1. Using a basic spin-label model with each label point 7 Å from the Cα along Cα→Cβ, how many nm lie between residue 21 and residue 93?
2. Could you check which residue among 63, 28, 81 shows the biggest mean-square fluctuation in a GNM of the chain with a 10 Å Cα cutoff?
3. Top mean-square fluctuation among 65, 36, 26, Gaussian network model of the chain, C-alpha springs under 10 Å?
4. Mind checking the angle between helix 17-28 and the chain's longest principal axis? C-alpha axes, 0 to 90 degrees, to the nearest 10.
5. Any chance you could give the angle, 0 to 90 degrees and rounded to 10, that helix 69-81 forms with the longest Cα principal axis of the chain?
6. What nm distance separates the two modelled labels at residue 64 and residue 81, each placed 7 Å from Cα along Cα→Cβ?
7. Mind telling me which of 60, 24, 101 comes out most flexible in a GNM of the chain, alpha-carbon contacts under 10 Å?
8. Find the eigenvalues of the gyration tensor of the Cα atoms of region 61-115, then list the square roots of 5 times those eigenvalues as equivalent ellipsoid semi-axes, largest first, in whole angstrom.
């Protein structure tokens with residue numbers, strides 16, 4: 001059985017391959033408390049770009065009125081700070097375009113939700 005980390009992440013990733021798995025694992029530890037699933041499974045991560053000294057994560061929420069957006073952004077920053085070099089800047093950009101839809105969810109999330 002393949003795991004999420006063995007496969008390409010379910011979001012665009014641009015950067016060194018040696019950071020792909022640790023970054024995907026870090027993002028997979030961040031839970032959206034409203035649905036009790038990872039932000040990766042819910043499809044909130046729109047993309048990750050790793051440059052020479054920075055990591056940029058674009059993510060969204062299921063709605064603009066999400067009451068836990070700040071918590072999720074802080075958790076993303078914290079988890080990434082554990083796996084990227086200390087000299088890296090970490091930018092977490094909250095975006096609203098394109099709007100999130102349930103089609104972004106992984107098959108695992110759909111099974112959990114009974115969809």
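1. It is 2.9 nm.
2. In this elastic network of the chain, the residue with the biggest mean-square fluctuation among 63, 28, 81 is 63.
3. Ranking 65, 36, 26 by mean-square fluctuation puts 65 first.
4. 40 degrees
5. Orientation of helix 69-81: about 40 degrees from the principal axis.
6. Using points 7 Å along Cα→Cβ, the separation is 3.0 nm.
7. Maximum among the listed residues: 101.
8. For region 61-115, the ellipsoid semi-axes come out as 26, 15, 11 Å.
Read-outs: derived from the displayed coordinates by stated rules, not from any lab. For clarity, every value in this text was computed on a predicted model and none was experimentally measured. Every residue, glycine among them, receives a Cβ derived from its backbone with ideal geometry; neighbour counts consider all protein chains shown.
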